[in-house]
Amino acid sequence: MDAVINKSNTKSQTIVAKESKSKVAVRSYINGISVTSSSDERLQLVNPANGRESITMPAGSELDAMQAVASAKEAFEKGLWPSLAKATRQSLLHAFANLIEKHAPELDRLDAEDMGKPIGLLFGNASSAASLLRYSIDAMESITADAYNSDKSCLIAQQLVPRGVVAAVVPWNFPTLSAMSKVAPALAAGNCVVLKPSEQSPQSATRLAELATEAGIPPGVLNVVQGQGNIVARTLGLHMDVNMIAFTGSTAVGKLMLQYAGQSNMKVAHVECGGKSPQIVFADCHGLDEVADSIVELILLNQGQLCVTGSRVIVEQKIEIELIEKIIQRFRKVSPGDPLDPSTTYGPMASLQHMQKVLGCIEAGAKTANLMYGGQRLDFNNGFFVEPTLFGNVSVEDPLFQDEIFGPVLTITRFRTLDEAIEIANATAYGLAAYAWTTNLNAGMRLSTEVHAGMVTVNAATPTGEGSEAISTEPYGMSGVGSEFGVAGLASYCRAQVRWFNHA
C-alpha cells in the first residue's frame, strides 16, 4: 500500500504510515526468526545526514511485546540458556562477540544511517560492543558462590543466579553499544533478553539478534521488538513475566519505568538517565590548551549526544576569558560531514525533532545569557546539523545550566573559590559524571569526594580506551538507579539465592 503521510510534516523522523513496498522495512526478531508485527502501522524514518526518507519499521503493538516475552520466558524456563554448561555458554557468547567484530563495519554503517553517528568515531562503535561482551564473559568468572557454614550436619551457601527475563530498553545515541551494554551482561549471567531499541535507530538491534542466532545461541534467548516506546516499552515495563528492566534514556521515561515496575510485579529496575556534567577548571590547571582540547573534544563527541558529556564549564574567574577564547578557536575549526565518510568527525543531530529541540534551547538561552558562538543550523546537504554553540555568563538558575540539552552546547559559569565551585557543580538534579582540572592535590581530593556524580575524573577526560568496560559507575540523583558496567554492573543481572541443607 502507498504511504499515508501528513504532507505538512514530511521530514518527521517518526511518521505513522501504512506498509510501503518501496522502502526497506525493519522487522522484529522473536524466537530465532524475523517476524511481521501484528500492527500494520509503520514509522517512516529519515536519514538525518540528508533529510531523505530512508527505512520503515513497525509502530509495534502490545501483542508483539508479549510474544517476545513469552519466547524469552520459555527459553529460560526450559533451560535452553541458563542450564547450559558454563563452558558451552561462554563458547557461544565468544562466537557471538567474534561475529559482532566481523560485522562491525556493517553495524556502524546501520547506526550512521539511522542517527548520524560518524562511522569514523571509535568511541562507542561496534568493535567496542564486542569488547564489552568479551569482558562480560570473562568477568563472570569473578562472581562465585559463598559457603557460610559447612560441617557434618549443615551446609549453608549463597550463589548468584540469573534473574530470568530481562527487558532492555535502550536509546538512539550509540545504538549498537547501548544494546550490548544490556544484552552482554544479561546473557553472560544466564538471562534471556527482550531488547527494545529506540524507534530512531532500529536497524543494528535486529542485526545483532540475527548474529546471535548465527553464533548458535538458542532461539528465544535474544529477542528484539521494534516499535514506539509508549507501546512496546510500556508493555515490557508492566509485564508480569519480565523479571528485570534495564533502561537507558531520559529521566522522564526512566521515572515511568520505575513506576511500571512498582505497578506490576516489583521487577528490578535499573535506569540510567539524563546528565548535566560539569567541567571544573581552576587557574592552577596544568595547561589551558590541553583542558580546552578535552572540553571541546567531549562536547563535540557524537555532536554532544552523550549522557556524560561535560556541558557545564565552571571556570575560575581569573582564567575565564582566556579559556573562552581557546574554546572558540577550536569551535571555528569544526566542519560538518557525511557520517558515512570515515574522515567525518562532526555529524548531524539524530533527527529533525531533536535538532528542533536543541535549536529551541539555544533560542531561549539567547534571551537569558550571552551567546558567544554558534547557535545556528548548519547548511549542509539538507541534514540536521547544528553549529557548536557557546554561552557565557550563565546563571545557576538558567535552564541552559539546569536542563540536559543533549547537543553541542557549552555554558560558561564563573567561580572564585573552591567552595563556590563545588556548590555550583552540585546545583543541578543530575549526577552522572564530573571533570575537574587542578594541580592542587587537596582541591582534587575534595572535588572527587564532594561533587555529586557517579564518576569524578581529575585532570583527565572520560575513560574511552580498552579496559574502560571494567569500570563500574552508579549515578547520583535524577541521573538514575543501579550500577552500570564492571563486576558490580554484571552482578546486578543476578539474584542472590541461599541454599541451606541440614543432614544427619
Pro58 more than 17 Å from Leu211 (Cα to Cα), surrounded by 18 or more Cβ atoms within 10 Å (Cβ to Cβ), at pLDDT below 95 and not hydrophobic (A, V, I, L, M, F, W, C): no
When the stretch 176-219 is examined, which residues are found to be charged (D, E, K, R) and part of a helix (DSSP H, G or I)? Lys182, Arg207, Glu210, Glu214
Condition test on Arg312, is it in contact with a helix residue (DSSP H, G or I) (Cβ under 7 Å, 6 or more places away or on another chain), closer than 30 Å to Glu113 by Cβ and not in a loop (DSSP other than H, G, I, E, B)? no
Check whether at least one residue in the stretch 259-277 is without any contact (Cβ under 8 Å) to a residue 24 or more places away in the chain, outside any strand (DSSP E or B), of a type outside the set (Val, Ile, Thr) and over 30 Å from Ser83 (Cα atoms), and report yes or no. yes
Among the candidates Leu340, Leu306, residue that is under 22 Å from Gln200 (Cα atoms) and crowded, with 20+ Cβ neighbours inside 10 Å: Leu306
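Which count do you get for residues in the stretch 209-232 that are open to solvent by less than 20 Å² (accessible area, probe 1.4 Å) and either β-branched (Val, Ile, Thr) or within 29 Å of Leu84 (Cα to Cα) (or both)?
13
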Which one of the conditions (1) part of a strand (DSSP E or B); (2) over 22 Å from the mean Cα position of the chain (by Cα); (3) of a type outside the set (Ser, Thr, Tyr) does Met57 fail to meet, given that it meets all the rest? (2)
Within the stretch 310-348, how many residues are touching a Pro at 6+ places or on another chain (Cβ under 6 Å) and more than 25 Å from Val451 (Cβ to Cβ)? 7
Cβ pairs under 6 Å, 6+ apart, first in the stretch 110-123 and assigned to a helix (DSSP H, G or I), second of a type in the set (Phe, Trp, Tyr) and open to solvent by 30 Å² or more (accessible area, probe 1.4 Å): Met115/Trp172
Just need a number here: residues in the stretch 343-380 that are crowded, with 16+ Cβ neighbours inside 10 Å, closer than 25 Å to Leu107 by Cα and either over 23 Å from the mean Cα position of the chain (by Cα) or among the basic types (Lys, Arg) (or both). 1
Regarding the stretch 375-391, can at least one residue be identified that is under 23 Å from Pro278 (Cβ atoms), touching a Cys at 6+ places or on another chain (Cβ under 9 Å), without any contact (Cβ under 8 Å) to a residue 60 or more places away in the chain and among the hydrophobic types (A, V, I, L, M, F, W, C)? no
Among the candidates Leu99, Leu133, Leu107, Leu93, single out the residue that is hydrophobic (A, V, I, L, M, F, W, C), within 30 Å of Pro336 (Cα to Cα), at pLDDT 95 or above and not in a loop (DSSP other than H, G, I, E, B). Leu107
Of the residues in the stretch 263-300 that are open to solvent by less than 20 Å² (accessible area, probe 1.4 Å) and small (Gly, Ala, Ser), the one that is nearest to the chain's Cα centre (by Cα) is Gly274
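What about Val170, is it in contact with a Lys or Arg (Cβ under 7 Å, 6 or more places away or on another chain) and either surrounded by 24 or more Cβ atoms within 10 Å (Cβ to Cβ) or hydrophobic (A, V, I, L, M, F, W, C) (or both)?
yes
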Filtered residues of the stretch 388-409 (kept if part of a strand (DSSP E or B) and among the aromatic types (Phe, Trp, Tyr)): Phe391
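Quick check: is even one residue across the stretch 402-410 within 24 Å of the chain's Cα centre (by Cα) and free of Cβ contacts under 8 Å to residues at least 40 places away in the same chain?
no
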Only one of Ser71, Ser83 is more than 25 Å from the chain's Cα centre (by Cα), assigned to a helix (DSSP H, G or I) and among the hydroxyl-bearing types (Ser, Thr, Tyr); which? Ser71
If you take the residues of the stretch 233-253 that are more than 13 Å from the chain's Cα centre (by Cα) and polar (S, T, N, Q), which of them is surrounded by the most Cβ atoms within 10 Å (Cβ to Cβ)? Thr235
Scan the stretch 67-113 for residues that are in contact with a strand residue (DSSP E or B) (Cβ under 7 Å, 6 or more places away or on another chain) and either open to solvent by less than 60 Å² (accessible area, probe 1.4 Å) or of a type in the set (A, V, I, L, M) (or both) and jot them down. Ala68, Val69, Ser71, Ala72, Ala75, Phe76, Trp81, Pro82, Glu113
For the stretch 24-34, how many residues are β-branched (Val, Ile, Thr) and in contact with a Lys or Arg (Cβ under 6 Å, 6 or more places away or on another chain)? 0
Can you tell me which residue among Gly477, Gly444, Gly392 is of a type in the set (Gly, Ala, Ser) and under 24 Å from the mean Cα position of the chain (by Cα)? Gly477
Go through the stretch 290-309 and count every residue that is under 21 Å from Ser351 (Cβ atoms) and in a helix (DSSP H, G or I). 6
Per-region count, the stretch 461-477, residues modelled with pLDDT under 80 and of a type in the set (Gly, Ala, Ser): 4
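The values are calculated or read from the model by the stated rules, or taken from the named source; none is laboratory data. From a predicted model like this one, the values you see are computed outputs, not experimental measurements. When we count neighbours, we look across all protein chains shown, and the Cβ atoms used for this are built from the backbone with ideal geometry, even at glycine. Protein only, heavy atoms only, side chains kept; ligands, DNA and RNA dropped before computing areas. Shrake-Rupley method; radii C 1.70, N 1.55, O 1.52, S 1.80 Å.
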